[in-house]
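**Q** Structure incoming, see below.
The values are calculated or read from the model by the stated rules, or taken from the named source; none is laboratory data. As the structure is a computational prediction, the values presented were derived from the model and not from experiment. Cβ placement follows ideal geometry from the backbone for every residue including glycine, while neighbour counts extend to all protein chains displayed. Accessible surface areas use protein heavy atoms only, side chains included; no ligands, DNA or RNA. Shrake-Rupley method; radii C 1.70, N 1.55, O 1.52, S 1.80 Å.
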Amino acid sequence: MTKITELSQLDLNATYSYADYLTWQLEETVELIKGKIMAMSPAPSLKHQSVITNLGGSLYQYFHKKTCKLFYAPFDIKLYNSKKSRLTDQQVFSVVQPDLCVICDKDKLTEQGCNGAPDWIIEVLSPGNTKKEMRLKYDIYQENGVIEYWLVYPYEQAVYQFVLDQDTEKYQLFAMYAGDDLAKPYLFPELHIDLADVFAE
């Protein structure tokens, strides 16, 4: 079997499983969305990294020694329909690496990452993120039962908070925060995140 070390060795129109993904030895970081390869943005900007560090720091203090755990990318999240039983690597066709995620069910955690949807996913956007990429992520998080999803815009200093409606199984825009607002997660309402600290240089 040929060792895959370059993205150019792969057919970007082909459909791949998580089992395939595990065999690759790429320099680039990629994700799989419904079996299709999605190359991640180049090295994040200073502002992007700063926001992740600041936000992650606030979340770490809150989740330290709690049942729910915080994880940073790179950390593989295998996504599939939450109504299905756990699937084999050959049956999973979506694997993502969100910037930050919170997982409350310890049974989902494996040595490789998370088997199933996290409770809360946070994506910090870069100028290189495309609208298509954002739409695909939104759809796949919604379809696979991620309860809370935040999109963080570092340059606009804004946060869009989406919460999954349990009846319709569709995301609703729950709140929008900006500037120096105190952002409150739907799942953890006692946690108040000072965006002035998150967006501080």
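**Q** Considering only DSSP states other than H, G, I, E and B, which trypsin sites (Lys or Arg not before Pro) in the range 1-45 qualify as loop sites with at most 10 other Cβ atoms within 10 Å?
**A** 3
**Q** Charges at C-beta only: +1 for Lys and Arg, -1 for Asp and Glu. How large is the resulting dipole of the range 46-199 about its Cα centre, in Debye rounded to 20?
**A** In total the dipole reaches around 380 debye.
**Q** With every protein chain left in place and a probe of 1.4 Å, what is the accessible surface of residue 105, to the nearest 10 Å²?
**A** Spelled out: residue 105, probe radius 1.4 Å, area about 70 Å².
**Q** Let me ask something else. Work out, step by step, the length gained on full extension between residue 170 and residue 191: first 0.36 nm times the residue separation, then minus their alpha carbon distance; give nm to one decimal.
**A** Fully extending the segment from residue 170 to residue 191 adds 5.1 nm.
**Q** Continuing with this model, one more query. Mind checking the full-extension length gain between residue 64 and residue 155? Use 0.36 nm per residue of separation minus the Cα-Cα distance, one decimal, nm.
**A** 29.9 nm
**Q** Pairs 78/184; 78/137; 47/78: which exceed 22 Å Cα-Cα?
**A** From the list (78/184; 78/137; 47/78), the Cα-Cα distance tops 22 Å for 78/184; 47/78.
**Q** Net charge within 15 Å of residue 59 by Cβ-Cβ distance, Lys/Arg positive one each and Asp/Glu negative one each, not counting residue 59 itself?
**A** Charge balance in the 15 Å sphere: -3.
**Q** Just to check I understand the Karplus step: with θ = phi - 60° and J = 6.51 cos²θ - 1.76 cosθ + 1.60, what whole-Hz values come out for the range 117-122, glycine and proline as x?
**A** 6, x, 6, 9, 10, 10
**Q** Further, regarding this structure: How much length, in nm to one decimal, is gained on full extension between residue 142 and residue 41, taken as 0.36 nm per residue of separation minus their Cα-Cα distance?
**A** So the chain would gain 34.2 nm between residue 142 and residue 41.
**Q** For the chain, give the share of DSSP beta bridges that are antiparallel, in percent and rounded to the nearest 5; count only bridges with both residues there.
**A** Once the DSSP bridges in the chain are tallied, antiparallel ones form about 80 percent.
**Q** Right, next: When the chain is modelled as a GNM with alpha-carbon springs shorter than 10 Å, which of 97, 161, 172 fluctuates the most?
**A** Fluctuation is largest for 172.
**Q** Turning to a different aspect of this structure: If one takes the longest principal axis of the Cα atoms in the chain, at what angle in degrees, from 0 to 90 and to the nearest 10, does the Cα axis of helix 131-143 lie?
**A** 90 degrees
**Q** Heavy-atom accessible area of residue 66 with all protein chains present, probe 1.4 Å, nearest 10 Å²?
**A** So the heavy atoms of residue 66 present about 90 Å² to solvent.
**Q** Moving on. Can you check what the net charge comes to around residue 159, using other residues whose Cβ is under 11 Å from the Cβ of residue 159 (Lys, Arg +1; Asp, Glu -1)?
**A** -2
**Q** A further question follows. Pick out, from 193, 142, 53, the residue whose Cα sits farthest towards the positive end of the charge dipole of the chain, with +1 on the Cβ of Lys and Arg and -1 on the Cβ of Asp and Glu.
**A** Of the listed residues, the answer is 142.
**Q** A further question follows. Among 114, 68, 101, determine the one that fluctuates most according to a GNM of the chain built with springs between C-alpha atoms less than 10 Å apart.
**A** Between 114, 68, 101, it is 68 that shows the largest mean-square fluctuation.
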